[in-house]
Amino acid sequence: MQKPQLKIMRGIPGSGKTTYANHEFSEGIILSADDWFMKAGVYQYDAVQVASAHANCRHRFLLAMGQSDTLIVVDNTSINAWEIEQYLLSAKTHGYDVEIITMFCPVPLAVRRNIHGVPERVIRRMEHFRKEQQRRFPETWNHRIVHSIAEFLPRALSG
């Protein structure tokens, strides 16, 4: 019997995380803190609500693990290792295989594609932290990088 799977998406806003998750893992349960900000089908970001959005995503993740053995995808920026670790540890405890997928995208393109209104200076700072944190990942973490321009988006848009 195959172990249940957790995919942790990681990357700066506009890097293609959600597009990739929806295209590659549509059969799974896709969870995002962004879901918290959807009101009547419209994304309405409120910086004051970020902690609540992430707490809600984590809660829904724990519920999803308890309800089925299906694929779960956590689609957040997950810039810091501690953000990943809270999901990874729970998943490993419940017998999940975990893969961290970092979407790499040049900052200028991510800024243009970003639909959440994150300022360029913030995206640049997030990219700096993403690189710094990645160097600190334990070797035991199953991690891969997807170059959203070269590897994924042309394929997704054509098929």
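The values are calculated or read from the model by the stated rules, or taken from the named source; none is laboratory data. In this text, all values refer to a predicted model and were calculated from it rather than measured experimentally. No Cβ is skipped: glycine too gets one built from the backbone with ideal geometry, and neighbour counts run over all protein chains shown.
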If we scan the range 37-57, do we find a residue that is more than 19 Å from R144 (Cα to Cα) and in contact with a Pro (Cβ under 8 Å, 6 or more places away or on another chain)?
no
If L157 meets every condition in (1) surrounded by 12 or more Cβ atoms within 10 Å (Cβ to Cβ); (2) modelled with pLDDT under 85 apart from one, which number is that one?
(1)
Exactly one of (1) under 17 Å from S15 (Cα atoms); (2) within 14 Å of the chain's Cα centre (by Cα); (3) not hydroxyl-bearing (S, T, Y) is unmet by R124. Its number?
(2)
List, please: which pairs have Cβ atoms under 6 Å, are six or more places apart or on different chains, and start with a residue in the range 1-22 that is over 26 Å from T93 (Cβ atoms) and end with one that is surrounded by fewer than 17 Cβ atoms within 10 Å (Cβ to Cβ)?
P13/H116; G14/R113
Are there any pairs, at least 6 apart or on different chains, whose C-beta atoms fall under 9 Å, with the first in the range 45-67 and more than 16 Å from S78 (Cα to Cα) and the second among the polar types (S, T, N, Q) and at pLDDT below 90, and if so, which?
A64/T70
Of all residues making up the range 16-63, the number that are among the β-branched types (V, I, T), within 16 Å of the chain's Cα centre (by Cα) and more than 21 Å from I101 (Cβ to Cβ)
1
